[in-house]
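Taking it in order: structure first as C-alpha cells, then the write-up.
The values are calculated or read from the model by the stated rules, or taken from the named source; none is laboratory data. Small disclaimer: the values here were computed from a predicted structure and weren't measured. Note that each Cβ is placed from the backbone with ideal geometry, even for glycine, and that neighbours are counted across all protein chains shown. What goes into the accessible areas is simple: the full protein's heavy atoms, side chains included, and nothing from ligands, DNA or RNA. Shrake-Rupley method; radii C 1.70, N 1.55, O 1.52, S 1.80 Å.
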Amino acid sequence: MDNSEIIKFLTSKTTNAGFVDKLKIKYRPIICPFNDLIDFAKDKKSVFDIGCGSGQFCALIAKYTEVEKIMGIEINERLVNNANEVNEEFRSNKSIKFEVFDGKVIPDEIKDYDLVYMIDVFHHIPPTQQLAFMQQLQQKMKPGATLIFKDIDGGSPLVVCNKMHDMVFAGEIGKEISFTKAKEMLSTAGFKITNSFKKTVFVYAHYFVICEKQ
C-alpha cells in the first residue's frame, strides 16, 4: 500500500488520547517510512514491537498483514492505554497485547515471536546502556527470529532536525549514533546482519538494519 492509504487509515481513528498523542498517531507516517517497515512482516505470524508508543504501527501490522499475534511494550502507561484503544478493532481475530515495561528488562515473552521491531527507540536509551540492551535483546530472542532495527542516522547533518523534533514532542535530546556505528554495535551484540540501507524522508535521515538471531 502507499503512504496515503496508511495516513487515511490512521486519521480515521477516534481515540481519547491527548492532543500531541493524536498528532503522533495520525501523522507520524508522513515522516517515518511505515510502508517499508510493514513489508518485513508480510510472511510472518507473530510480531513484537519494542517501544510501541500509542500502538499505531501495531495497528498497521494488524490491518495490512496476516500476522496473528502482536505484542508491544512501552515505558509510558498512558501510551499503553492509547495502544489498547487504537488496536481494539482487531482483537476479534488477532492476539494483541500491550504492556508497560521499565525500559531496561525486556520481557521473556519475546522468545515467542518471529519478528521484532525496534523503531526510533534506540536513540532514547542512555549511551552507557545501549550495548547492554542490545545484547540482552539478542540473548532473549529465539533462534531464527528477525530484528528490524530502524533509527535516525547520527552521522547525517539532518540529525539536528530529529533532535529538534524530540525536544518538542519528547522533551529530550536524542542520542543518535551513525549508521556505521549501529551496524558495528549490532554485530558486537551477536546479531547476524542480513541487510541494511538508508532512506531520507523530508528532513529525517532514517536507516534500517535487518538482523537475525542465530
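If the chain between SER12 and LYS198 were fully stretched, how many nm would it gain, using 0.36 nm times the residue separation less the Cα-Cα distance? The partial results should precede the final answer.
Working: separation 186, 0.36 × 186 = 66.96 nm, distance 2.99 nm.
Extra length available between SER12 and LYS198 comes to 64.0 nm.
Using each residue's phi in region 29-40, evaluate 6.51 cos²θ - 1.76 cosθ + 1.60 at θ = phi - 60° and report the 3J(HN,Hα) Karplus result to the nearest Hz, with x for Gly and Pro.
Karplus-based 3J(HN,Hα) across region 29-40 equals x, 5, 10, 10, x, 4, 4, 5, 5, 4, 4, 5 Hz.
Taking R0 as 35 Å, what FRET efficiency do you get between GLN139 and ASN93 from their Cβ-Cβ distance, rounded to the nearest 0.05?
On the way: r = 33 Å, r/R0 = 0.93.
Computed FRET efficiency for GLN139 and ASN93: 0.60.
What does the convex hull of the Cα atoms of region 153-198 come to per residue, in Å³, rounded to a whole number? Could the numbers behind the result be given before it?
Values: hull volume 3.8 nm³, N = 46.
Considering the Cα atoms of region 153-198, their hull volume per residue is 84 Å³.
Looking only at MET141, MET167, MET118, which one moves most when the chain is put into a Gaussian network model with springs between Cα atoms under 10 Å?
Comparing MET141, MET167, MET118 in a Gaussian network model of the chain, the most mobile one is MET167.
Please list the equivalent ellipsoid semi-axes of the chain, computed as the square roots of five times the alpha-carbon gyration tensor eigenvalues, in descending order and whole angstrom. Write out the running numbers ahead of the final one.
Working: eigenvalues 111, 89, 55 Å².
Ellipsoid semi-axes (Å, largest first): 24, 21, 17.
Given a Förster radius of 25 Å and the C-beta distance between HIS124 and ASN84 as r, what FRET efficiency does 1/(1 + (r/R0)^6) yield to the nearest 0.05? Can you show the working numbers first?
Numbers: r = 22 Å, r/R0 = 0.87.
Once rounded, the FRET efficiency stands at 0.70.
Count charges around ILE193 for me, please; just the other residues with Cβ under 15 Å from its Cβ, Lys/Arg as +1, Asp/Glu as -1.
On the way: positive: LYS150, LYS181, LYS183, LYS192, LYS198, LYS213; negative: ASP151, GLU184, GLU212.
Neighbour charge sum, excluding ILE193 itself: +3.
Which value, in Å² and to the nearest 10, is the accessible area of GLU109 when all protein chains are kept and the probe is 1.4 Å?
Approximately 60 Å² of GLU109 is accessible to the 1.4 Å probe.
So for the chain, averaging the separation of alpha carbon pairs under 8 Å that are six or more residues apart and normalising by length, what relative contact order in percent results? Mind showing how you got there, number by number?
Values: 385 pairs, mean separation 36.0, N = 214.
The value is 17 percent.
Could you check what % of the DSSP bridge pairs in the chain are antiparallel, to the nearest 5? Could the numbers behind the result be given before it?
Details: 16 of 36 bridges.
Roughly 45 percent of the DSSP beta bridges within the chain come out antiparallel.
Let me have the relative contact order for region 35-151, percent, based on Cα pairs under 8 Å that are six or more residues apart. Numbers along the way, then the final one.
On the way: 202 pairs, mean separation 31.9, N = 117.
The value is 27 percent.
How big is the Kirkwood radius of region 33-113, worked out from every pair of different alpha carbons and given in Å to one decimal? Show your work: numbers first, answer last.
Details: mean 1/r = 0.0796 Å⁻¹.
Result for region 33-113 stands at 12.6 Å.
Of all the accessible heavy-atom surface of region 88-214, with the other protein chains kept in place and a 1.4 Å probe, what percent is carbon and sulfur? It would help to have the intermediate numbers written out before the result.
Details: 3310 of 6070 Å².
So the carbon and sulfur contribution to the accessible surface is 55 percent.
Roughly how many nanometres apart are two label points built 7 Å out from the Cα toward the Cβ at ASN3 and THR180?
Label at ASN3, label at THR180, 2.8 nm between them.
Once every DSSP H run of n ≥ 4 in the chain is given -39500 (n - 2.57) and the sum is divided by its residues, what mean residue ellipticity at 222 nm do you get, rounded to the nearest 500 deg cm²/dmol?
Per the formula, -10500 deg cm²/dmol.
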